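Structure record follows, encoded as structure tokens.
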Ligand code: C2E
Ligand code: MG
Ligand code: MG
């Protein structure tokens, strides 16, 4: 495209320069012509005047013998033929003596009858021919002499001009042409450079200098359309692989260490990726921590190899600002043409595979159409998150928390649901991780907190004294405004802080125990209750218990399920309850599904229980009914 504009611009520049050269030459010719003619004629006139003067003084001398004069004039005529007048008029006392050197001159009568003023000279035009004339006469005008001659300057000038100007014009023309060529080349180069810079900016990422999504689309489209013909004949020769790379927990690096460090890490990783790739592979950065590699002529096996190399290279720590950062990545692979015949489909499939890899902590995943239905839905949901937040499609269901000794409902756990206009009610396990990855998790959790606190206040107004436990994501702990936000809400809705419980899942969170402890202590100071969720599933259970100042510890459902038929699980549950009680915290058993489990747990000294045996999570309207029934039964 750039090339085309360049050459057409060059042509236009050339044409206009030549045009200017032609116009300038023309003006030059006209001006020079006029000047030469004018100059030539005035010199001719001057010499004619001198000639007339000379002849006239002779005439005066010979007077009154005109015959002698005419002879002398004839002599003059023949001697200096070039300057010879074509006509000579001598008027002595009214008698005209004429001497004509060119007898058959066609306009002689016209010339003679012209009105020549005495003692002057001038130029007259007769039948488009220019003549110069000069006249001398005595004071009494008794004797007069008139010399007339056609101007020669015109012819001479023309000859002169044609000669000189043709050379000059030729030179001017070549200079103009040459400078036009040079100028146009310079201008075109500069424009092309500008265009190139613009094109580079439009198709490259300013941070890593890698090509961007636009560039990728262009390249892949080019490849897929150029191989269309081949593809018809056989599918074996045509292949390609698209690898979607997403760094794991890059957001945490940005949030905890700052964007500058995050940027450095990205640049370093981009350079490493580039080094690992051959020339037939294209590496692009498509967004935040997302890269795509497109390799033509590559099959799935080779792509898996490349992907594993990329994962390995991520693991080598990167030194940024004297800190060593270890990264990990999830990669999804889609192959051309099996998984998609155009760039959009390929990217979508690779995206689906990448998210599968991420969720299953598998590192690399090749796209698999069979398991895709679910994944396609996830990609769709991911795109709809912010709209769902805006339109309040997230609602809370409540699961009662029962005091095991009395069977009374003491509180509820708020569990989020997505009321999706097409997909129906979506459980949190299908969207919480999407929200965590999307960067909207603070907004989401604040929204949940708002609904819950409002709800407590409403129940209080209705004489219902229930606590609500809200689940938050570990990412929320990085939000310094979380505690002030909760405090403000509690104050606004006049809810005592101890009515709110915050649950944090004890999983292998990237966020270190220090950050968690700090955030927890701030929350606890504000008076809200804290609880460790899914206890027993994380890696640092005992460390957590010792380090964190919490009120409740919820034993994970997986231990409760197996309690009845697995003695070991029963022992674990029993000793965990003991430990929790000894540390002065309340124990909560999750996922109680049978009365047997409930009785067992009560006997073990477990304080509270939740589970389908008591009630499933339910909307607020059902909950009031349930609480009334349950609390009056006992
Ligand atoms: P969780 O906090 O451990 O919540 C308990 C989950 O176990 C709930 O699933 C609940 O429906 C289920 N459950 C309760 N009793 C039983 C039982 O007897 N048997 C079985 N099989 N399941 C039982 P749910 O509602 O699907 O929530 C799943 C997880 O999603 C929650 O686990 C929690 O970690 C997360 N979550 C829910 N709401 C939110 C939220 O608002 N924010 C955040 N960050 N996470 C949330
Ligand atoms: Mg929970
Ligand atoms: Mg739980």
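What follows is calculated from the coordinates using simple rules that are stated; it is not laboratory data. A quick note: this is a predicted structure, and the numbers were derived from the prediction, not measured. Quick reminder, even Gly has a Cβ in these numbers, built from the backbone with ideal geometry, and neighbours come from all protein chains shown.
Listing for the model above:
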| read-out | value |
| --- | --- |
| Fraction of alpha-carbon pairs over 20 Å apart in region 436-509 - percent | 30 |
| Dimensionless Rg over Rh [region 123-237; C-alpha; Kirkwood] | 1.65 |
| Value at 222 nm in deg cm²/dmol, rounded to 500, when DSSP H runs of n ≥ 4 in the chain each add -39,500 (n - 2.57) | -17500 deg cm²/dmol |
| Antiparallel bridge percentage (DSSP; both residues within the chain; nearest 5) | 70 |
| Distance in nm between pseudo-label sites at residue 342 and residue 603 (7 Å out along the Cβ direction from Cα) | 6.6 |
| For region 173-229: rounded, prolate or oblate by the Cα gyration tensor [a/c cutoff 1.5] | oblate |
| Semi-axes of the equivalent ellipsoid for region 592-634, Cα gyration tensor, largest first, Å | 22, 12, 8 |
| Radius, Kirkwood style, for region 253-293 when every pair of distinct Cα atoms is counted (Å) | 11.0 |
| Pairs of alpha carbons in region 390-458 whose separation is greater than 19 Å (percent) | 41 |
| Size-normalised alpha-carbon gyration radius of region 213-373, reference 2.2 N^0.38 Å | 1.06 |
| Shape category assigned to region 384-633 from the gyration tensor of Cα positions, a/c cut at 1.5 | rounded |
| Space enclosed by the convex hull of the alpha-carbon atoms of the chain, per residue, Å³ | 331 |
| Region 356-424 pair-distance distribution - Cα-Cα, 5 Å bins, rounded % | 3, 12, 15, 14, 12, 13, 11, 9, 6, 3, 1 |
| At R0 = 35 Å, FRET efficiency that the Cβ-Cβ distance of residue 454 and residue 429 yields, to 0.05 | 0.90 |
| Region 306-439 - Kirkwood radius from inverse mean 1/r over Cα pairs (Å) | 17.8 |
| Net length gained if the chain between residue 237 and residue 42 were fully extended (0.36 nm per residue, minus Cα distance) | 61.2 nm |
